[in-house]
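Chemist: Quick one: structure below, then a few questions.
Since every read-out is calculated from the coordinates, none of them should be taken as a lab result. All values reported here derive from a predicted model rather than from experimental measurement. When we count neighbours, we look across all protein chains shown, and the Cβ atoms used for this are built from the backbone with ideal geometry, even at glycine.
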Amino acid sequence: MKMNTSKNVEGKTKINRFIPLIISLVLALGITTACSTIGSAIDQQTTDTTKLESVKPTESIIPDKPDDIDEPDNNLAIDNSGVSITMLEQDYNDGNIVEILAVSYDENATGLEQYDGKNPEIDSLNNAVCSSLLQKYNDYLESGYLEDWIMIKSYPFTSADYVQIVSTYALYPTYGFEGEVYSYNFDMKNNRFISVEDVLSELSTNESAIFGEVNELIKQEFDDGSEASEVTIGGFLIQGNEEDKHVQLLLDVEIIHLSGDAESRLYSYMPQFGELIKLNPECLFDPVDMDQMNPPLSYQSDFEQADIPDNDSLQLTIDLSGLEEIIPSYEYAYDGMVYYTIEQLERAASDERSIVEAIQELEASAISISNATESIEHLGLLGYPCWLVTYDEGSNEDTVSCMDIYVQTDDYDYRLHSSVSADFYLDYHDEIGQRLGSVHWLD
């Protein structure tokens, strides 16, 4: 049994509550300069993405706050009314999604004179962002891209009491892994950068107890002998106010199935109610609950609803340019290697297991599911609930890699199916992604 409370840039070491101000002496100049100036950059939400010089992590990139750093003077309250969430990096090029947020503040705010205009708690939070997400992004840029693409999605929340950022990170292609989750939470009333350890203490629980509770719920969810082998508390989200608040722990759960196959899923767990909820890695939360940023984040543009034709006239299609028509309005081929089919189906139940079973019935041989999640992006394109399902079919040299968009309308289901030999999947990955991204209803 393993239980992690959160991660450093390598994804394993715990993130502690504070980052000492001397971190700027250990980090390379590019990162520290960017992070140290975030606080006073009020309302600098821009798409200008000056690339920051990559740094190498130290042994403990986010150590405990040392005793010799002064605590705020409780008699000199800090005015955090000017605190807001701002953009640090934003990049949607080459199939990537990079959204890295930070917290800004007014260096002239009342109470900050005791720190020469700096807010050490917010600076610690921003340094945590830089040494985790920004580090991963710069490592990706240094890698030369190769065949990979990166997704860092962020979700901002601002209330009267808290400013909170939740982010996910994944490097693709990947199978059976929904990504890592992080959170950066600031208590404005108490001027405090809150850690996972703080929240667990307030909930009167610990990592071992959370693992046991989550594992029991995982067993109930699958009911086939599957169980959790590792639970990582990557972050949390506080709802409500200081007097009446509820905490969602954000988990990365590694699940071992009876077959021996393993997968990693993202969950929200509320210990107060014993409630475990599967998160959708395409969009973790309801877009209407989050801050509306300018320029917009991916969840804002994805959530813009498509024009929906009358249900009786629905006909799914894609960009057909460059495709060979094999069966009109049904099957197409690209380069003799990638095949696309478009099908209208009987309505299935709206849950993951039913969708997977519906796809299995359509295929001639057993399939091995890599991922099955609701797709907010395709909901935005089509106006109906959509699932993105990736899987392999066949074995050895006959293995075929498949990616389906499964759409559920009021009367029928529709499937856009793509397939290519697993040996050539990376060669045609961009083609498949662009083609599935072009899906729309025929006028």
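Chemist: Work out how much length Ala364 to Glu142 would gain on full extension: take 0.36 nm times their residue separation and subtract the Cα-Cα distance, in nm to one decimal.
Modeler: 75.6 nm
Chemist: For the residues His440, His257, His378, what sequence is obtained by ranking on other C-beta atoms within 10 Å, fewest first?
Modeler: His257, His440, His378
Chemist: Now for a different question. Give me log10 I(q)/I(0) at q = 0.12, 0.13, 0.21 Å⁻¹ for the range 311-441, Debye formula, one equal scatterer per alpha-carbon, no solvent.
Modeler: -0.42, -0.50, -1.38
Chemist: Could you line up Trp149, Trp387 from fewest to most neighbouring Cβ atoms inside 10 Å?
Modeler: Final ranking by Cβ density, sparse to dense: Trp149, Trp387.
Chemist: Moving on to the next point. Quick one: if you stick a label point 7 Å off each Cα along the C-beta vector at Asp427 and His440, how many nm between them?
Modeler: It works out to 3.1 nm between the two label points.
Chemist: Please compute the volume of the convex hull spanned by the alpha-carbon atoms of the range 114-262 and report it per residue in Å³.
Modeler: Given the Cα convex hull of the range 114-262, per-residue volume reads 136 Å³.
Chemist: Right, here's the next one. Give the order of Glu352, Glu324 when sorted by the count of other beta carbons within 10 angstrom, beginning with the fewest.
Modeler: Result, fewest neighbours first: Glu324, Glu352.
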